[in-house]
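Taking it in order: structure first as structure tokens, then the write-up.
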Amino acid sequence: MPERRTELATGLATTRERIATACRDAGRDPAGVTLVVVTKTYPASDVSLLVDLGVTDVGENRDQEASEKASSVAADGRTPHWHFIGRLQRNKCRSVVRYADTVQSVDSVRLVRALAKAAVAEGRIPDVLVQVSLDGDTARGGAVDGGDEAERDVWAVAREVAAADDALRLRGLMAVAPLGWEPARAFDLLAGLHTRFRGEFPQATVLSAGMSGDLEAAVAAGATHVRVGSAILGNRTPPAVT
Ligand SMILES: *Cc1c(COP(=O)(O)O)cnc(C)c1O
């Protein structure tokens, strides 16, 4: 455990330094960038160590794993802000709203309705980010800016969240750079959308973009939240081939 603490401290220090440098290069205040440490596949004990090292925000992408981990971490007396960042099925909304303070991966009108209903039932009001698919390939998750399908249109999804203001708080946008795209091109496109988005939804100030491999490009484009996993916790073991 002391070794693990040292590993995590080193990964964190390196990542914070990368964020600070990217902010300096962009003329931004590092206080404007929140580091969300993505702890998927790693144990609850790592989350507790990270919290002790000053981490305030953690991200998870699978409900069952996240739900168990959040319970263990709470039992361990730590209460980080939990972000749900993965594909979300409507029948998992009730479970997710119990622990998630922010749901970053909201990408359909039907999902918004299920999430709002779950939030009311659980007496919780999660922050919500609309996930954007920058290349229009919704198979990988995300709503589309000006797509021909209203169900998966960024604006229709956001209006549904804003209308459910007794249950959900619309806070901004999230995206992953599409495979094979230059990150700067992806995040510039996202930043342009975010500017227009804030025209209609001024409360939606959050821009979640950037991971271990491309956080500099995201900070340059104005990301307020970066989601970093492997650069801090180590490479995740690929799932066994069956
Ligand atoms: C896993 C994941 C991350 C973190 O990725 P790393 O490359 O490990 O930093 C960020 N965002 C999402 C949506 C993820 O699923």
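The values are calculated or read from the model by the stated rules, or taken from the named source; none is laboratory data. On a predicted model such as this, the values are computed, not experimentally measured, just so you know. With ideal geometry, Cβ positions are generated from the backbone for all residues, glycine too; neighbour counts draw on all protein chains shown. The protein model used for the area step is the full one, side chains on, heavy atoms only, and it has no ligands, DNA or RNA in it. Shrake-Rupley method; radii C 1.70, N 1.55, O 1.52, S 1.80 Å.
Across the range 124-140, the qualifying residues are those that are at pLDDT 95 or above and more than 15 Å from HIS194 (Cα to Cα), and the one among them that is least open to solvent (accessible area, probe 1.4 Å) is PRO126. Residues in the range 190-201: is at least one within 16 Å of the ligand (Cβ to nearest atom) and closer than 19 Å to ASP153 by Cα? So far as the range 190-201 goes, yes, one or more of its residues are within 16 Å of the ligand (Cβ to nearest atom) and closer than 19 Å to ASP153 by Cα.
Take the conditions (1) touching a Leu at 6+ places or on another chain (Cβ under 7 Å); (2) without any contact (Cβ under 8 Å) to a residue 40 or more places away in the chain; VAL128 misses just one of them, which is (2).
On the basis of being among the β-branched types (Val, Ile, Thr), under 24 Å from LEU115 (Cα atoms) and open to solvent by 50 Å² or more (accessible area, probe 1.4 Å), does THR79 make the cut? So THR79 fits the description; yes. Of all residues assigned to the range 87-101, at least one qualifies as being open to solvent by 70 Å² or more (accessible area, probe 1.4 Å), within 16 Å of the ligand (Cβ to nearest atom), among the polar types (S, T, N, Q) and closer than 30 Å to TRP155 by Cβ. Among the residues of the range 210-223, none qualifies, meaning not one is more than 12 Å from the ligand (Cβ to nearest atom) and among the hydroxyl-bearing types (Ser, Thr, Tyr).
Residues that are in contact with an Asp or Glu (Cβ under 8 Å, 6 or more places away or on another chain) and away from the ligand (no atom under 13 Å from the Cβ) within the range 102-115 comprise SER108, VAL109, ARG110, VAL112, ARG113, listed in sequence order. Cβ separations smaller than 8 Å between residues 6+ apart or across chains give the following pairs from the range 200-219 residues that are in contact (Cβ under 8 Å) with a residue 24 or more places away in the chain to residues that are surrounded by fewer than 20 Cβ atoms within 10 Å (Cβ to Cβ) and part of a strand (DSSP E or B): GLN203/ARG169; VAL206/ASP127. Scanning the range 61-85 for residues that are within 13 Å of the ligand (Cβ to nearest atom) and either over 14 Å from the mean Cα position of the chain (by Cα) or of a type in the set (A, V, I, L, M, F, W, C) (or both) yields GLU65, ALA66, PHE84, ILE85. Checked across the range 29-41, the condition of being over 20 Å from the mean Cα position of the chain (by Cα), away from the ligand (no atom under 16 Å from the Cβ) and not in a helix (DSSP H, G or I) holds for at least one residue. Quick check on the range 172-186. Is at least one of its residues without any contact (Cβ under 8 Å) to a residue 60 or more places away in the chain, farther than 21 Å from LEU88 by Cβ, in contact with a strand residue (DSSP E or B) (Cβ under 9 Å, 6 or more places away or on another chain) and not in a loop (DSSP other than H, G, I, E, B)? There is at least one residue in the range 172-186 that is without any contact (Cβ under 8 Å) to a residue 60 or more places away in the chain, farther than 21 Å from LEU88 by Cβ, in contact with a strand residue (DSSP E or B) (Cβ under 9 Å, 6 or more places away or on another chain) and not in a loop (DSSP other than H, G, I, E, B).
THR195 satisfies every condition listed in (1) in contact (Cβ under 8 Å) with a residue 12 or more places away in the chain; (2) open to solvent by 10 Å² or more (accessible area, probe 1.4 Å); (3) among the hydroxyl-bearing types (Ser, Thr, Tyr) except (1).
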